[in-house]
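The values are calculated or read from the model by the stated rules, or taken from the named source; none is laboratory data. Source: prediction; values computed, not measured. Glycine gets a Cβ as well: all are built from the backbone with ideal geometry, and neighbour counts include every protein chain shown. When the accessible area is computed, the model is the full protein with side chains, heavy atoms only, and any ligands, DNA or RNA have been set aside. Shrake-Rupley method; radii C 1.70, N 1.55, O 1.52, S 1.80 Å.
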Amino acid sequence: MLAATEFKTIIDVVTRFPNEKSCHQYLASRRWSDGVMYCPHNGCNGTQAYVFADGIRYKCKCCKRLYTAKTGTFMEASKISTMKWFVALYLVLHKKGVSSIQLSKDIGTTQKTAWFILQRIRETCSNEAPEQLEGTIATDETFVGGKNKNRHHDKKVKQSQGRSFKDKTPVLGLMQTEQRHYIKREHKVIAGRTVIEKIIDKHARLKCFTVANTKTGTIQPIVRNVVKPGSTIVSDEWSAYTGLKCLPARGCRSRERAIC
Ligand SMILES: [Zn+2]
């Protein structure tokens, strides 16, 4: 996107994209370069679409849903104009370390919006798959939300005790425990004295997800996605994890609830 050979200066970007339509048409030409309009909606294999008069929106002939060239990209679901995204992209790609304050002044947004833009661009440009947790992973679910007993009586949620989460949001937490080893070495100042030093091989890391519920079918796909094969899951006895023990057919001899 925004090929360096095509856009050498910021003037090139601004001149080339004077309005939303020009941005969208450029995106569309890059996205569907073979001329086939692949529908970006999940579960749809549509390849044809109606084009709206604005030259920006399309309606899939198959699933009848609307989309634009931004759908499914990092620019999706934001009210930020595509022109601002393009200028921000140019600045990030051509300048070292653009701050959110500077970007907000350059493209006329709040700093919060500029920060959001930078986050999205960096995530997209970093290309790396998010690092998986490994080693020993402690997991737990917790329910976030106010206590029912503190609610006004007409706002109390009935039968919301225990694992019921009618009034709360379930959150799944996965924590990679710190991996360390100890070495014996000479004291740096006092000659003749040895000290034991802790060397951290892997720092503790935590990942949290809000989940629709705490059922096996919801939790296990997340765990399998986030945790590296070969790791060990330590959890309470909640049955959502029991299926994670290794399948003998895969030839794995590790402990129960190991990921393989
Ligand atoms: Zn479709």
For this session: Please find the FRET efficiency linking residue 185 to residue 61, where r is the Cβ-Cβ separation and R0 is fixed at 51 Å, and quote it to the nearest 0.05.
Result: 0.15
For this session: Enter the accessible area of residue 95 (Å², nearest 10), with the probe set to 1.4 Å and all protein chains included.
Result: 100
Problem set entry | Accessible carbon and sulfur surface of segment 8-50 relative to its total accessible area, %, 1.4 Å | 51
Exercise. Non-local amide H neighbours of residue 49 (under 5 Å, H modeled in plane, Pro and chain starts lacking H): which ones?
Worked result: 61
Problem set entry | Accessible area expressed per residue, segment 10-126, with surrounding protein chains retained (probe 1.4 Å, Å²) | 58
Problem set entry | Estimated inter-spin distance, residue 177 and residue 14, nm [label 7 Å along Cα→Cβ] | 5.8
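From the C-alpha coordinates alone, can you work out the Kirkwood hydrodynamic radius of segment 10-126, in Å?
On the way: mean 1/r = 0.0654 Å⁻¹.
After inverting the mean inverse Cα-Cα distance, the result is 15.3 Å.
What does the charge count around residue 186 come to, taking other residues whose C-beta lies under 13 Å from its C-beta (Lys +1, Arg +1, Asp -1, Glu -1)?
Numbers: positive: 184, 185, 188, 193; negative: 197.
My count for the surroundings of residue 186 gives +3.
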Exercise. Separation between the residue 29 and residue 110 pseudo-spin-labels, each 7 Å from Cα along Cα→Cβ, expressed in nm?
Worked result: 3.6
